[in-house]
Amino acid sequence: MAGIKTLETHRCFGGVQGFHEHDSAQIGLPMRFGVFVPPQAEQGPRPVLFCLAGLTCNEQTFAIKAGAQQHAAAHGLILVTPDTSPRATGVAEADAHWDFGHGAGFYLDATQPPYAKHWRMESWLMGELPGVLAEHFPVRNDRVGVLGHSMGGHGALTLALRHPGRFQSVSAFAPICAPTEVPWGHKAFGGYLGDDRATWARHDAVKLIEAGARAPSLLVDQGLDDNFLAQQLAPDRLEAACTAAGQPLTLRRHAGYDHGYFFIQSFVAEHIAHHARALNA
């Protein structure tokens with residue numbers, strides 16, 4: 001296993017927040033990720049919560065803005081914040097749009113050129129990164145949860161549904177629930193996956209649930225003043241699919257809250273507690 005390069009560390013709520021880089025075989029480029037190790041890790045390995053960020057974000061965004069470390073420290077959870085895409089890929093058009101390309105990996109493996117070479121986010125997250133974490137950090141890879149925001153919420157839902165048994169807990173803030181039906185998804189899936197809508201459906205939480213995929217009980221929070229709610233997020237479609245399929249879901253709608261990190265800060269303690277109940281059981 002290749003080593004990691006530690007870029008910076010900070011003492012935080014009795015633990016350590018670090019940011020790291022490793023040479024990814026799956027991506028073919030260096031990839032960055034953050035890790036918060038709580039104080040309980042001094043006594044032995046701890047459960048892990050992956051926190052997947054949204055469009056334009058990187059490995060530092062959730063770690064700096066969400067205020068999650070104090071709650072992870074209280075429950076003894078390790079937080080992992082992966083970057084949202086490969087970087088410095090040499091693909092010129094990858095910087096042409098804020099919602100596609102660099103900073104917008106959509107947590108899938110691209111199949112279309114020029115993206116197929118480096119945009120292998122699912123393989124990195126589900127195959128390679130857990131091994132890197134196991135070698136360098138006191139993680140329990142048998143007790144893992146996933147949380148995401150916006151594009152990262154899409155990632156949390158679809159990765160849990162596509163890889164049954166890998167995650168013991170799942171939650172999301174304002175996720176893109178039905179990407180095959182909204183502009184963000186059309187743009188990303190068309191560029192990364194091509195024109196085959198059947199391939200798109202395999203990366204759509206609603207379509208996956210309708211096709212029989214299941215995940216642990218889902219916790220989803222949605223702000224009703226979210227400016228992306230009407231055109232991009234479709235939580236009602238997720239709710240309907242879960243109800244019809246018997247997939248456990250708690251969908252909470254919050255008046256006055258928007259799409260940003262003040263919304264996440266307001267409810268992140270409840271999400272961390274949701275994961276802790278499952279991961280510390």
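Laid out as a table, the results:
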| read-out | value |
| --- | --- |
| Any hit, region 118-134, residues being of a type in the set (S, T, N, Q) and within 22 Å of G101 (Cβ to Cβ) | yes |
| Qualifying residue in region 157-180 (condition: touching a Cys at 6+ places or on another chain (Cβ under 9 Å), open to solvent by less than 20 Å² (accessible area, probe 1.4 Å) and within 24 Å of Q60 (Cα to Cα)) | yes |
| Check on D99, open to solvent by 10 Å² or more (accessible area, probe 1.4 Å), within 23 Å of A205 (Cα to Cα) and in contact with a Ser or Thr (Cβ under 7 Å, 6 or more places away or on another chain) | no |
| Cβ pairs under 8 Å, 6+ apart, first in region 152-180 and on the phi < 0 side of the Ramachandran plot, second in a strand (DSSP E or B) and of a type in the set (S, T, N, Q) | A156/S171; F173/Q222 |
| Residue pairs meeting the criteria (Cβ under 6 Å; at least 6 apart or on separate chains; first within 19 Å of V91 (Cβ to Cβ), in region 6-31; second among the aliphatic types (A, V, I, L, M) and part of a strand (DSSP E or B)) | S24/M31 |
| A273 being under 26 Å from A74 (Cα atoms), in a helix (DSSP H, G or I) and among the hydrophobic types (A, V, I, L, M, F, W, C) | yes |
| All positions within region 196-249 that are open to solvent by less than 30 Å² (accessible area, probe 1.4 Å), in a strand (DSSP E or B) and either among the aliphatic types (A, V, I, L, M) or modelled with pLDDT under 95 (or both) | L218, L219, V220 |
| Residue list for region 246-281, filter: touching a strand residue (DSSP E or B) at 6+ places or on another chain (Cβ under 6 Å), among the aliphatic types (A, V, I, L, M) and closer than 20 Å to A53 by Cα | L251, I264 |
| Top-ranked residue of region 102-142 - restricted to ones that are more than 24 Å from Q168 (Cβ to Cβ) and of a type in the set (S, T, N, Q), ranked as most open to solvent (accessible area, probe 1.4 Å) | T111 |
| Some residue of region 47-63 being surrounded by 19 or more Cβ atoms within 10 Å (Cβ to Cβ), among the hydroxyl-bearing types (S, T, Y) and on the phi > 0 side of the Ramachandran plot | no |
| Residues satisfying the stated conditions in region 250-268, i.e. open to solvent by 40 Å² or more (accessible area, probe 1.4 Å) and part of a helix (DSSP H, G or I) | F262, Q265, S266 |
| Selected residue (only one of G44, G76 is surrounded by fewer than 16 Cβ atoms within 10 Å (Cβ to Cβ), more than 18 Å from S123 (Cα to Cα) and out of contact with any Ser or Thr (no Cβ under 9 Å at 6 or more places or on another chain)) | G44 |
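The values are calculated or read from the model by the stated rules, or taken from the named source; none is laboratory data. Only a predicted model underlies this, so the values are computations on that prediction, with no experimental measurement involved. Glycine gets a Cβ as well: all are built from the backbone with ideal geometry, and neighbour counts include every protein chain shown. Areas reflect the complete protein model, heavy atoms only, side chains present, ligands, DNA and RNA absent. Shrake-Rupley method; radii C 1.70, N 1.55, O 1.52, S 1.80 Å.
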